[in-house]
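Taking it in order: structure first as C-alpha cells, then the write-up.
The values are calculated or read from the model by the stated rules, or taken from the named source; none is laboratory data. A quick note: this is a predicted structure, and the numbers were derived from the prediction, not measured. Cβ atoms come from the backbone with ideal geometry, glycine included; neighbour counts cover every protein chain shown.
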Amino acid sequence: MGCLGYTLIALVIVIALSIALELFLSEYLLYHYDHDEPFDESEAAQVGVRRETIMRLEKAQYNPSLKLAIDIARVVEAPIEEIFVFK
C-alpha cells in the first residue's frame, strides 16, 4: 500500500472519530448562558442559524453540534464552559 493509501485510511479514521465525537457531545451539550441581552438576529446570522434555533437552545429543545457550540462561544466572546453545560 502506498503513501496515498495510508493517507486515505488516516482521513477515514479522522472523519469517523470526529463524527463519533460530535454525536457523543451533541447528546450532552445543554445551553446555559446567563446573559442580560437576548441573542439577536445578527448574532444568530453570524453563527449561521436562525433566531428560532437559538430560542430552542435556550429552552433545551435542541442539542447543538460541537461546531455550533464553538461558533456561539466565539460570537458572544465567552468561554464555551460558560455557555454550555456538559451532562
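Structure notes:
- Residue match in the stretch 77-87 (condition: of a type in the set (Lys, Arg), surrounded by fewer than 16 Cβ atoms within 10 Å (Cβ to Cβ) and either at positive phi or modelled with pLDDT under 80 (or both)): yes
- Number of the exception - residue 35 against (1) modelled with pLDDT under 85; (2) closer than 17 Å to residue 80 by Cβ; (3) under 14 Å from the mean Cα position of the chain (by Cα): (3)
- Residue count, the stretch 57-67 (criterion: assigned to a helix (DSSP H, G or I), under 16 Å from residue 40 (Cα atoms) and out of contact with any strand residue (DSSP E or B) (no Cβ under 7 Å at 6 or more places or on another chain)): 0
- A single entry from 70, 54 fulfils the requirement of being surrounded by 17 or more Cβ atoms within 10 Å (Cβ to Cβ) and part of a helix (DSSP H, G or I): 54.
- The residue that is modelled with the highest pLDDT, among those in the stretch 7-32 that are under 12 Å from the mean Cα position of the chain (by Cα) and not in a helix (DSSP H, G or I), is 31.
- Residues that are polar (S, T, N, Q) and under 13 Å from the mean Cα position of the chain (by Cα) within the stretch 42-87 comprise 53, 63, 65, listed in sequence order.
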